[in-house]
1. In the range 60-93, which residues are more than 15 Å from Gly39 (Cα to Cα), surrounded by 15 or more Cβ atoms within 10 Å (Cβ to Cβ) and of a type in the set (Val, Ile, Thr)?
2. Does Cys104 count as at pLDDT 90 or above, outside any strand (DSSP E or B) and touching a strand residue (DSSP E or B) at 6+ places or on another chain (Cβ under 7 Å)?
3. Please tell me if Phe110 is within 16 Å of ligand 2 (Cβ to nearest atom) and within 15 Å of the chain's Cα centre (by Cα).
4. Taking Asp112 and the conditions (1) within 30 Å of Tyr47 (Cβ to Cβ); (2) of a type in the set (Asp, Glu); (3) surrounded by 11 or more Cβ atoms within 10 Å (Cβ to Cβ), which numbered condition does it fall short on, given that it satisfies the others?
5. So which residues in the range 123-148 are more than 16 Å from ligand 1 (Cβ to nearest atom) and surrounded by 10 or more Cβ atoms within 10 Å (Cβ to Cβ)?
6. Of the residues that make up the range 8-16, is at least one at pLDDT below 95, under 30 Å from Gly105 (Cα atoms) and crowded, with 16+ Cβ neighbours inside 10 Å?
7. Between a first residue in the range 133-160 that is not assigned by TED's automatic domain parsing to the domain that holds Gln116 and a second residue that is surrounded by 10 or more Cβ atoms within 10 Å (Cβ to Cβ) and in a strand (DSSP E or B), which pairs have beta carbons less than 6 Å apart while being 6 or more apart in sequence or on different chains?
8. Quick check on my filter: what residues within the range 32-47 are farther than 15 Å from Ala61 by Cα and not charged (D, E, K, R)?
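The values are calculated or read from the model by the stated rules, or taken from the named source; none is laboratory data. Because the structure is predicted, anything quoted here is derived from the model rather than measured. Positions of Cβ are generated from backbone atoms using ideal geometry, with glycine treated the same way; all protein chains shown enter the neighbour counts.
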Amino acid sequence: MDNVKDRVKQIFTEYLRINKHRKTPERFAILDAIYSIDGHFDIETLYGIMLKKENFRVSRATLYNTIVLLLDAKLLIKHAFGNTAQYEKSFNIETHHHLICTTCGRVSEFQDEELQRDITNVDLKKFQMSHYSLYIYGTCGRCAAAARRKRKQIQEKEKK
Ligand SMILES: [Zn+2]
Ligand SMILES: [Zn+2]
């Protein structure tokens with residue numbers, strides 16, 4: 001894990017140098033915080049983590065600005081689920097897919113070797129794939145159970 005943090009720090013340092021951006025401690029603190037998060041997060045979650053964990057007072061503007069750089073440096077992925085933008089670290093993570101509940105917005109992940117084999121074997125013509133991820137939309141177990149309970153309540157009321 002610490003190796004990953006060292007590697008992404010190197011990559012980011014190199015990216016900032018080549019693109020003539022300043023190497024500020026805030027930017028590296030944000031990178032470090034992001035690589036400490038498991039799974040997905042939105043800007044507000046990251047902002048909260050930065051306030052609590054790191055000794056840096058970063059503004060939301062700095063956060064946004066750094067996220068744009070990290071996306072460009074391919075160290076971060078932006079997901080398109082839900083209403084708010086969700087991000088996820090991208091370096092050295094295994095291919096996984098997402099189950100998105102359209103009722104509560106919860107996102108969970110799964111992996112599937114068979115799927116992975118199939119996609120590797122798809123003929124993409126001259127397209128060079130860097131990464132991929134499936135989004136499967138539906139209702140999570142918790143929301144499905146809640147809906148069942150509600151239906152039952154209504155039915156019982158109607159009986160009386
Ligand atoms: Zn994910
Ligand atoms: Zn749900």
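1. The answer is Thr62, Thr66, Ile67.
2. When the stated conditions are applied, Cys104 does not pass them.
3. It is true that Phe110 is within 16 Å of ligand 2 (Cβ to nearest atom) and within 15 Å of the chain's Cα centre (by Cα).
4. (1)
5. Answer for the range 123-148, where residues must be more than 16 Å from ligand 1 (Cβ to nearest atom) and surrounded by 10 or more Cβ atoms within 10 Å (Cβ to Cβ): Gly138, Thr139, Gly141, Arg142, Cys143, Ala144, Ala145, Ala146, Ala147, Arg148.
6. Within the range 8-16, not a single residue is at pLDDT below 95, under 30 Å from Gly105 (Cα atoms) and crowded, with 16+ Cβ neighbours inside 10 Å.
7. Listed pairs, sorted by first residue: none to list.
8. Across the range 32-47, the qualifying residues are Ala33, Ile34, Tyr35, Ser36, Ile37, Gly39, His40, Phe41.
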